[in-house]
Amino acid sequence: MLAQEAEAEAARAEGRPEPTFAPLLRPRAADDAAAAAAAEEETLPAAQQKSWRERLEKVAEAERPAEEEAMRAELRVKREMAKQLDALESERKARRDQGGQTLGDRVSSWFGR
């Protein structure tokens, strides 16, 4: 670590660009993220995989990893939102079955929710 800092200092002093060094430890979060990304791609329907590929082809090569990560994040958010909505609906159904329906539940039911 000290040798890397000394090398960076020498490069700055000589006017050269600073060297970049590989991380000493590989973060586990990166491994987990890579595994999650692979799992997400496997569960995508063929039509959605095709649309992702088409969307990525339109993006510049340098921006593709960022765009792909943004699409994965968007997918994770949609899935999480679906889970939350399912949980909310099951709570409403349980209250309705027990006879403890709230005013919000009743109003929501008027609009088909």
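Data table
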| read-out | value |
| --- | --- |
| Top-ranked residue of region 91-103 - restricted to ones that are assigned to a helix (DSSP H, G or I) and surrounded by 10 or more Cβ atoms within 10 Å (Cβ to Cβ), ranked as nearest to the chain's Cα centre (by Cα) | 91 |
| Residues of region 67-82 that turn out to be without any contact (Cβ under 8 Å) to a residue 24 or more places away in the chain, among the aliphatic types (A, V, I, L, M) and surrounded by 11 or more Cβ atoms within 10 Å (Cβ to Cβ), as a count | 2 |
| Test result for residue 26, loosely packed, with under 10 Cβ neighbours inside 10 Å, among the charged types (D, E, K, R) and modelled with pLDDT under 90 | yes |
| Residue 18 vs. criteria modelled with pLDDT of 80 or more and surrounded by 10 or more Cβ atoms within 10 Å (Cβ to Cβ) | yes |
| Options 85, 56; residue that is touching a residue at least 12 places away in the same chain (Cβ under 8 Å) and part of a helix (DSSP H, G or I) | 56 |
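The values are calculated or read from the model by the stated rules, or taken from the named source; none is laboratory data. Keep in mind the model is a prediction, meaning the values are calculated, not measured. When we count neighbours, we look across all protein chains shown, and the Cβ atoms used for this are built from the backbone with ideal geometry, even at glycine.
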